[in-house]
Number of protein chains: 2
Amino acid sequence: MFSFELLAKEDDARTGRLVTPHGTIETPSFVPVGTQATVKAVSMEDLRKIGSQVMITNAYHLHLQPGEDLIERMGGLHRFMGWDGPLMTDSGGFQIFSLGAGKAHGVGKIAPIFPEEKDRGRHLGSKKGKSLVRVDEDGVEFISYLDGSRHRFTPEGVMEIERKLGADIILVLDECTSPLHDYHYTRDAMERTHRWSVRALEACQRTSNRRQAILGIVQGGAYQDLRQQSATFIADQGFDGYAIGGSLGKSKEEMYQVLEWTIPLLPQDKPRHLLGIGEIEDIFEVVKRGVDLFDCVVPTRTARTGTLFAKGAERCRIHILNAQFKDDPRPIEEGCHCHTCCNYSKAYLRHLFLAKELSAIRLATIHNLYFIESLMHQIRAAIKEGRLATLKQEWLSSS
Amino acid sequence: MFSFELLAKEDDARTGRLVTPHGTIETPSFVPVGTQATVKAVSMEDLRKIGSQVMITNAYHLHLQPGEDLIERMGGLHRFMGWDGPLMTDSGGFQIFSLGAGKAHGVGKIAPIFPEEKDRGRHLGSKKGKSLVRVDEDGVEFISYLDGSRHRFTPEGVMEIERKLGADIILVLDECTSPLHDYHYTRDAMERTHRWSVRALEACQRTSNRRQAILGIVQGGAYQDLRQQSATFIADQGFDGYAIGGSLGKSKEEMYQVLEWTIPLLPQDKPRHLLGIGEIEDIFEVVKRGVDLFDCVVPTRTARTGTLFAKGAERCRIHILNAQFKDDPRPIEEGCHCHTCCNYSKAYLRHLFLAKELSAIRLATIHNLYFIESLMHQIRAAIKEGRLATLKQEWLSSS
């Protein structure tokens, strides 16, 4: 059902082919985020045209609404949402703990590289100081942000939710820590995550569910010894692949360090997923360090505010509401083959954003997703030809 | 550039072919409303796939934002918004006066059949008693709902705006009255509209603009003698077609009466457009009385609230948030060929609406627009075969 084959390497960067029951993912690949069983503002047909290879939804959100039982009755998540390609489900560990630690620390979000948290805070009215989460050895109890109802997630329970959802690749329940957690708490949480991982894997093996690949999650915050312990432990459990989760530190440099401590300890022949990155520069940096898959809401979230990706612009972004685009008859990017650039000018998109028309958001999202897919296509080709550094230079020199 | 050919009649109902510089409209036809140079929540590609034959945008809204000069510089409205089919522009008379009379009368909207007004009221904070409009013989002065700036529309000025926008079919500036205006005011406003119509037509003839068909607008409220005077006067001016505007009374019955007084006095060989209707039952009734074109926001607006058209349902509508659709794996309508029904279940759409996902709105809009196009297709065929009454029975018996 599953296989992962490496096609080429350039130093630690690699390109490969991950085969799932619903199709093949050429890696390294971006994974668009479809938290609530849809990538915000676009349809499944849009995603297919964009060339998205895989999507990640969220067990926590779908458990709360519409519920995994309903989705199972509807024939599983693929059929429910009309996506017949490879599909992942995140366990929701990050979401649960961002409601807890983020609240308890009054930081509103765990780290700036996790933009998801920002919205979550809004849902909850951004009250400080009150954690909505209680963690114990068995699992975690939390309050729904939708209706205040109480829920309990255990490692076994989450595997059962994800089995019902039926994605191709599923993640175990982990406890995410914040950069504000100290060394001792981070170590305790990591060890708990390890014990939970063993239980999750056992639960899956009991149901002899071999249609779903299971990823273990490496924790340990921004502490070198903890990351190395966690990578060694998780690498030993027989997972089908590995995710790198939790706090990746307070800066890009710390994130790159976390990867450098962790990835060399993970098996070469299994895919590695990084949870939650997506700036253009970051993509080059994490691929260079051996990441195969990464998800991120940056392309879709920034699109909704009118921030559009464009090669050659500062930080590869333009803001469409800028007055300079008022009467610009050109597409967002000359030569871009996305639906938006093939059909609409910057002047028109700017008008749609100013007029608060919903179509603006879809058209912007289509462009940003296409932009990342196009970048990833070039990155895969570059790794095969040993010129990843040159490609990075080409993309980022002007920005 | 323009021709209108009648293909068949069944009593007063007719089916024909209206040729414009951007293509042919089979009549009777629904005209989706694209007020701000987009039909809300869908793209031009969506409209083409839906089979929309023509679109109507609004000179008033586009004058305020982004401005007709910018659109002209961008190559005109067709190119600006990426729509290469037949296109109409409403003058904005209705919008201007709904800000005036609606306010002055404190009714919030002119008549329940004009749902557009509801949103307008919200923009303005629904203050009662203060008209934003001052009308004089020369034209009308009004305050922008966007930024409070003052503007003046004259019959000649509006023709110039619409020339710059460049739609195929344009409407003259009229003064709309409310059902709350008395006979004398309604008569004065109608006579002013007549004088404005003559000026508008002269202004167009001076610029010898023959790439745009011009529709005169019949006014006169719900008063028989005024409607008849207005129809007779407007019919005499040499317009390329006729719109029926202003107050159509306080009930469906009064609206049908207005049509029965007006339409027999209009030339048979010119198209007739009714401004602002769209309930399924109304469509049958107005087509029966000889209407060729009608625009309406009902299909798109109701879609945004989760109200979806379905033949056989009460009033041909279902509300997708109803609990009965929670685990309904079927499409909105069995056998519907729209993108939404071909790909998604009611259970999934309900989930998207509950989760407040933007894609819900687009998918719902696509279905409702397709539903109306499909109805109009059947209506045209029925008129050719003399079975319009049977078709109506078939559509509305169960509702």
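Kindly indicate whether B:Ile263 is under 29 Å from B:Ile170 (Cα atoms), within 14 Å of chain A (Cβ to nearest Cβ), under 19 Å from the mean Cα position of the chain (by Cα) and not charged (D, E, K, R).
Answer is no for this residue.
Every residue in the stretch A:282-315 that is hydrophobic (A, V, I, L, M, F, W, C) and under 30 Å from B:Leu77 (Cα atoms), please.
A:Ala303, A:Leu308, A:Phe309, A:Ala310, A:Ala313, listed by residue number.
Out of (1) polar (S, T, N, Q); (2) out of contact with any Lys or Arg (no Cβ under 6 Å at 6 or more places or on another chain); (3) crowded, with 18+ Cβ neighbours inside 10 Å; (4) under 19 Å from B:Phe294 (Cα atoms), what's the single condition that is false for B:Thr262?
The single condition B:Thr262 does not satisfy is (2).
Cβ contacts < 6 Å: first residue in contact (Cβ under 8 Å) with a residue 12 or more places away in the chain, restricted to the stretch A:356-371; second residue of a type in the set (Lys, Arg) and part of a helix (DSSP H, G or I), any location; separation 6+ or different chain. Result?
Pairs that qualify, where the first residue is in contact (Cβ under 8 Å) with a residue 12 or more places away in the chain and the partner is of a type in the set (Lys, Arg) and part of a helix (DSSP H, G or I), are A:Ile361/A:Arg304.
Have a look at B:Thr232, B:Thr207 and point out the one that is in contact with a Leu (Cβ under 6 Å, 6 or more places away or on another chain) and surrounded by fewer than 16 Cβ atoms within 10 Å (Cβ to Cβ). Outline the logic, then answer.
Working: B:Thr207 fails: in contact with a Leu (Cβ under 6 Å, 6 or more places away or on another chain).
Of B:Thr232, B:Thr207, the one residue that is in contact with a Leu (Cβ under 6 Å, 6 or more places away or on another chain) and surrounded by fewer than 16 Cβ atoms within 10 Å (Cβ to Cβ) is B:Thr232.
Taking the stretch A:323-346 on its own, how many of its residues are more than 14 Å from A:Ala364 (Cβ to Cβ), of a type outside the set (D, E, K, R) and either within 14 Å of chain B (Cβ to nearest Cβ) or surrounded by 18 or more Cβ atoms within 10 Å (Cβ to Cβ) (or both)?
First, the residues of the stretch A:323-346 that are more than 14 Å from A:Ala364 (Cβ to Cβ): A:323-324, A:326-330, A:334-335, A:337, A:342.
Right, trim to of a type outside the set (D, E, K, R) and you get A:323-324, A:329, A:335, A:337, A:342.
Adding the requirement that they be either within 14 Å of chain B (Cβ to nearest Cβ) or surrounded by 18 or more Cβ atoms within 10 Å (Cβ to Cβ) (or both) leaves A:323-324, A:329, A:342.
Going through the stretch A:323-346 one residue at a time, the tally reaches 4.
Scan the stretch B:275-284 and give yes if some residue there is of a type in the set (Gly, Ala, Ser), within 20 Å of the chain's Cα centre (by Cα) and under 30 Å from A:His61 (Cα atoms), otherwise no.
Checked against the condition, which is being of a type in the set (Gly, Ala, Ser), within 20 Å of the chain's Cα centre (by Cα) and under 30 Å from A:His61 (Cα atoms), the stretch B:275-284 yields no hits at all.
Any residue at all in the stretch B:48-62 that's of a type in the set (Lys, Arg), in the same structural domain as B:Gly16 (by TED's automatic domain parsing) and without any contact (Cβ under 8 Å) to a residue 24 or more places away in the chain?
No, the conditions are met nowhere in the stretch B:48-62.
Yes/no per residue for (1) in contact with a Ser or Thr (Cβ under 7 Å, 6 or more places away or on another chain); (2) assigned by TED's automatic domain parsing to the domain that holds A:Ser29; (3) closer than 29 Å to A:Thr24 by Cα; (4) not charged (D, E, K, R):
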site: A:Thr154; (1), (2), (3), (4): no, yes, no, yes
site: A:Lys164; (1), (2), (3), (4): no, yes, yes, no
site: A:Ala167; (1), (2), (3), (4): yes, yes, yes, yes
site: A:Leu180; (1), (2), (3), (4): no, yes, no, yes
site: A:Gln205; (1), (2), (3), (4): no, yes, yes, yes
site: A:Gln228; (1), (2), (3), (4): no, yes, no, yes
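Taking B:His319 as the residue in question, decide whether it is surrounded by fewer than 23 Cβ atoms within 10 Å (Cβ to Cβ) and within 12 Å of chain A (Cβ to nearest Cβ).
Values: surrounded by fewer than 23 Cβ atoms within 10 Å (Cβ to Cβ): yes; within 12 Å of chain A (Cβ to nearest Cβ): no.
Here the answer is no, as B:His319 does not meet what is asked.
Enumerate the pairs (first residue in the stretch B:264-285 and within 20 Å of B:Lys252 (Cβ to Cβ) and in the same structural domain as B:Ile244 (by TED's automatic domain parsing); second residue anywhere and of a type in the set (S, T, N, Q) and buried (at least 21 other Cβ atoms within 10 Å of the Cβ)) with beta-carbon separation below 9 Å, excluding pairs fewer than 6 apart on the same chain, so at least 6 apart or on different chains.
These pairs meet every condition: B:Arg272/B:Thr262.
With (1) within 14 Å of chain A (Cβ to nearest Cβ); (2) more than 27 Å from the chain's Cα centre (by Cα) as the list, and B:Arg301 as the residue in question, which single condition is left unmet?
Every condition holds for B:Arg301 apart from (2).
So which residues in the stretch B:354-388 are within 13 Å of chain A (Cβ to nearest Cβ), out of contact with any helix residue (DSSP H, G or I) (no Cβ under 7 Å at 6 or more places or on another chain) and either of a type outside the set (Asp, Glu) or part of a helix (DSSP H, G or I) (or both)?
B:Leu354, B:Ala355, B:Lys356
Given (1) surrounded by fewer than 19 Cβ atoms within 10 Å (Cβ to Cβ); (2) at pLDDT 95 or above, identify the lone condition not met by B:Thr300.
Evaluating B:Thr300 over (1) surrounded by fewer than 19 Cβ atoms within 10 Å (Cβ to Cβ); (2) at pLDDT 95 or above leaves (1) as the failure.
Can B:Gly100 be described as more than 21 Å from the chain's Cα centre (by Cα) and at pLDDT below 90? Give the steps one after another, and end with the answer.
Values: more than 21 Å from the chain's Cα centre (by Cα): no; at pLDDT below 90: yes.
Criteria not met by B:Gly100.
Every residue in the stretch A:4-37 that is within 14 Å of chain B (Cβ to nearest Cβ) and not in a strand (DSSP E or B), please.
Selection gives A:Gly34, A:Thr35, A:Gln36, A:Ala37.
Being assigned to a helix (DSSP H, G or I), closer than 23 Å to A:Glu137 by Cβ and of a type in the set (Val, Ile, Thr) is the requirement here; does A:Thr193 meet it? Steps first, answer last, please.
Numbers: assigned to a helix (DSSP H, G or I): yes; closer than 23 Å to A:Glu137 by Cβ: yes; of a type in the set (Val, Ile, Thr): yes.
Yes.
What residue, among those in the stretch B:38-48 that are facing chain A (nearest Cβ under 8 Å) and part of a helix (DSSP H, G or I), is nearest to A:Asp328 (Cα to Cα)?
My answer is B:Met44.
Quick check on my filter: what residues within the stretch B:49-81 are facing another protein chain (nearest Cβ under 10 Å), part of a helix (DSSP H, G or I) and more than 20 Å from the chain's Cα centre (by Cα)?
B:Asp69, B:Leu70, B:Ile71, B:Arg73, B:Arg79, B:Phe80
Considering each of B:Thr15, B:Thr20 in turn, give the residue that is modelled with pLDDT of 95 or more, touching a strand residue (DSSP E or B) at 6+ places or on another chain (Cβ under 7 Å), closer than 29 Å to B:Cys341 by Cβ and polar (S, T, N, Q).
B:Thr15
The values are calculated or read from the model by the stated rules, or taken from the named source; none is laboratory data. Everything numeric here is computed off the predicted structure, so don't read it as measured data. Note that we place each Cβ from the backbone using ideal geometry, even for glycine, and neighbour counts take in every protein chain shown.
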